[in-house]
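Trainee: Structure in structure tokens, see below.
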Amino acid sequence: MLPKEGVKLKPKVTIADHFAVISDPRIDRTKRHKLIDILTIALCAVICGADSWVAIEIYGCTKYDWLNWM
């Protein structure tokens, strides 16, 4: 049974919010992609079954248009 005051939803936390505390150890001149983009692609790829860096790269290339839309 629901309480009389209704259901209170928890605030939404984005992937970017969750990983915001991670600092990027890479040298600035060697950065080709944002760290949050790499982490997001890797996370999504692993959830979808990727089990190697090559599989993560293939996922990122395959889902390029969808990832850019986000």
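Trainee: For residues in the range 40-55 being buried (at least 16 other Cβ atoms within 10 Å of the Cβ) and of a type in the set (A, V, I, L, M, F, W, C), which is farthest from Phe19 (Cα to Cα)?
Mentor: Ala50
Trainee: Are there any pairs with C-beta distances below 6 angstrom linking a residue in the range 48-70 that is modelled with pLDDT of 95 or more and aromatic (Phe, Trp, Tyr) to a residue that is surrounded by 11 or more Cβ atoms within 10 Å (Cβ to Cβ) and outside any helix (DSSP H, G or I), with the two at least 6 apart or on different chains, and if so which?
Mentor: These pairs meet every condition: Tyr59/Ala50.
Trainee: Working only within the range 56-70, note down all residues that are aliphatic (A, V, I, L, M) and either exposed (fewer than 11 other Cβ atoms within 10 Å of the Cβ) or more than 13 Å from the chain's Cα centre (by Cα) (or both).
Mentor: Ile58, Met70
The values are calculated or read from the model by the stated rules, or taken from the named source; none is laboratory data. Predicted model, so just to flag it, every value in this text is computed and none were measured. A quick note on method: Cβ atoms are made from the backbone with ideal geometry, for glycine too, and the neighbour counts reach across all protein chains shown.
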